[in-house]
Amino acid sequence: MRLKFSPFVKHDLAEIAEYISQDSPRHAVNWIRVLRSRFADIANQPLLYRLRPELGVDARLAPVGQYVILFRVCKDTVRIERVVHGSRDLLPILEEIEQ
């Protein structure tokens with residue numbers, strides 16, 4: 001499947017890298033690589049992740065450590081919507097995307 005990204009993802013990754021780099025710049029770089037690798041995994045088999053209708057139409061989550069990747073599948077495209085810490089309230093985050 002094709003992989004697309006919402007405009008939020010670049011900012012999300014930058015925030016994650018900045019936060020982790022406060023303790024270890026090298027670990028921050030490695031963690032961003034892990035997240036990007038998971039994007040490819042999701043694109044290869046997006047239907048492995050269950051629908052989360054409580055978060056929005058066609059919403060799905062992929063956990064990665066303490067973070068979650070919020071995405072949607074539409075026809076032949078996987079769209080990564082956000083990458084956020086799993087402790088955040090996810091419903092307002094997806095509502096923000098839909099506005």
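Let me spell it out: the conditions are (1) farther than 17 Å from residue 84 by Cα; (2) in contact (Cβ under 8 Å) with a residue 12 or more places away in the chain, and residue 6 meets all of them except one. Which number is the exception?
(1)
Here is a list of conditions, (1) among the basic types (Lys, Arg); (2) surrounded by fewer than 17 Cβ atoms within 10 Å (Cβ to Cβ); (3) touching a Pro at 6+ places or on another chain (Cβ under 9 Å), and residue 60 meets all of them except one; can you say which number that is?
With respect to (1) among the basic types (Lys, Arg); (2) surrounded by fewer than 17 Cβ atoms within 10 Å (Cβ to Cβ); (3) touching a Pro at 6+ places or on another chain (Cβ under 9 Å), residue 60 is out only on (2).
Select from the stretch 1-33 the residues that are closer than 15 Å to residue 72 by Cβ and not in a helix (DSSP H, G or I) and list them in ascending order.
First, pick out the residues of the stretch 1-33 that are closer than 15 Å to residue 72 by Cβ: 1-9.
1, 2, 3, 4, 5, 6, 7 - these are the residues of the stretch 1-33 that are closer than 15 Å to residue 72 by Cβ and not in a helix (DSSP H, G or I).
Would you tally the residues in the stretch 16-46 being touching a strand residue (DSSP E or B) at 6+ places or on another chain (Cβ under 9 Å) and among the acidic types (Asp, Glu)?
1
Among the residues of the stretch 34-56, which ones are surrounded by 12 or more Cβ atoms within 10 Å (Cβ to Cβ), closer than 17 Å to residue 74 by Cβ and not basic (Lys, Arg)?
Of everything in the stretch 34-56, those that are surrounded by 12 or more Cβ atoms within 10 Å (Cβ to Cβ), closer than 17 Å to residue 74 by Cβ and not basic (Lys, Arg) turn out to be 39, 42, 43, 46, 49, 51, 55, 56.
Coordinate-derived values only; no laboratory data. Because the structure is predicted, anything quoted here is derived from the model rather than measured. Cβ atoms come from the backbone with ideal geometry, glycine included; neighbour counts cover every protein chain shown.
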